[in-house]
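**Q** Below are the structure tokens for one structure; questions will follow.
All of the numbers you see were taken from the coordinates with simple rules; none came from a lab. Bear in mind that the values here come from a model prediction, so they are computed numbers and not experimental data. Every residue, glycine among them, receives a Cβ derived from its backbone with ideal geometry; neighbour counts consider all protein chains shown.
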Amino acid sequence: MDLKLKGKRAFVSGSTQGIGFAIAKQLLREGAAVTINGRSSERVNEAVNRLKQEVKDAIVNGIAADFSKKEDIDNLLSQLTETDILINNTGIFEPKAFTDIPDEDWFRFFEVNVMSGVRLSRQLLPGMLQRNWGRIIFISSESAINIPEEMIHYGMTKTAQLSISRGLAELTKGTAVTVNAVLPGPTASEGLTTFVGDLAKAQNITIQQAEKEFFKTTRPTSLLQRFEDVNEIASLVTYIASPLSSGTNGASLRADGGLLKSIY
């Protein structure tokens, strides 16, 4: 299927690995020009080279920026001009008991997970509205609705993303600009793979056993009963980023493996 993305310009935050990298690769395969982002120049350059090797004729470059550092953010924003597609993917997570989460962690999670998307959207939405075409997509999480007791501060930021994306969508009435959120379920990205590996080691079991136990005890409502592949998330995001998705706006779209049981 031709998603009609040739000639479109995309920026994907937090895209040197995991879901963000998979999204960048799929957008490139559809003919979009993509700017990726990571916290260090080394990681960005490495990811750019990988994408050029994996996608023939890829038009890709990168900008290093740590979203916890104001000077990095200012430098990034100064380099972003006419962008058609914004994927707000950057984010951090860390399992921690509620009583052990200090104020600093609450602010840090909000700064990186929420304000990154706010700042990028504030920079790029006006141009999209002026050109009368654009896509803003927030990569939220099933944790926005199914708040994890082991990561309440993380869940809070994912819920905030849903509010922001819906509010921004209200600003696009009567235009060909859309703003949506995608809610992945537990996905086998590098961070989660490391977490499960550490869990398996601590319990002296295999990674496969740890995954099975995770879905039995921590996410029992999952219909997949396995971690999703990053490409399963990227496929939905790439479609929503395309002109073919023009009828979808202001939505929170689930790619959660059936984990959320509510029907609305």
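**Q** Identify all lysines with a Cα-Cα distance to K96 below 18 Å; exclude those on the same chain that are fewer than 8 residues away in sequence.
**A** Correct list for K96: K158.
**Q** How do 242-249, 95-102, 129-136 rank on mean C-beta neighbours within 10 Å, highest first?
**A** Details: 242-249: 14.8, 95-102: 10.5, 129-136: 18.1.
Highest mean packing first, the order is 129-136, 242-249, 95-102.
**Q** What does the charge add up to near E142, with Lys and Arg as +1, Asp and Glu as -1, over the other residues with Cβ less than 13 Å from its Cβ?
**A** +2
**Q** For every other residue with a beta carbon closer than 15 angstrom to the beta carbon of Q161, add +1 if it is Lys or Arg and -1 if Asp or Glu, then tell me the sum.
**A** It works out to a net charge of +2.
**Q** Continuing with this model, one more query. With charges set only on the Cβ (+1 for Lys and Arg, -1 for Asp and Glu), what does the dipole of the chain come to about its Cα centre, in debye to the nearest 20? All intermediate terms of the calculation are to be shown ahead of the outcome.
**A** On the way: 29 positive and 30 negative charges, 178 e Å.
Computed charge dipole of the chain: roughly 860 debye.
**Q** Let me ask you something else. For the stretch 87-126 and the stretch 208-264, what is the centre-to-centre distance using only Cα atoms, to the nearest Å?
**A** Using only Cα atoms to place each centre, the spacing works out to 21 Å.
**Q** Once you charge only the Cβ atoms, +1 for Lys and Arg and -1 for Asp and Glu, what is the size of the charge dipole of the stretch 188-264 about its Cα centre, to the nearest 20 debye?
**A** Numbers: 7 positive and 8 negative charges, 56 e Å.
Dipole about the Cα centre, nearest 20: 260 debye.
**Q** Rounded to the nearest 20 Debye, what is the dipole magnitude of the stretch 1-153 about its Cα centre when Lys and Arg each give +1 and Asp and Glu each give -1 at the C-beta?
**A** Approximately 920 debye in magnitude.
**Q** Taking the mean number of other Cβ atoms within 10 Å as a proxy for protection, how do you rank 167-173, 107-113 from highest to lowest?
**A** Top of the packing list down: 107-113, 167-173.
**Q** Roughly how many nanometres apart are two label points built 7 Å out from the Cα toward the Cβ at K69 and S262?
**A** Placing both labels 7 Å beyond Cα along the Cβ direction yields 3.9 nm.
**Q** Please list, or write none, the lysines whose alpha carbon is within less than 22 Å of the alpha carbon of K56, excluding same-chain residues fewer than 8 places away.
**A** Those lysines meeting the cut-off are K4, K6, K8, K25.
**Q** Where does the chain land at 222 nm, in deg cm²/dmol rounded to the nearest 500, when only DSSP H runs of n ≥ 4 count, each adding -39500 (n - 2.57), divided by all residues?
**A** Details: 9 runs with 114 residues, N = 264.
Result for the chain, helices only: -13500 deg cm²/dmol.
**Q** Using the Cα gyration tensor of the stretch 47-143, with a ≥ b ≥ c the square roots of its eigenvalues, what is the shape: rounded (a/c below 1.5), prolate (a/b larger than b/c) or oblate (neither)?
**A** Here the stretch 47-143 falls in the prolate category.
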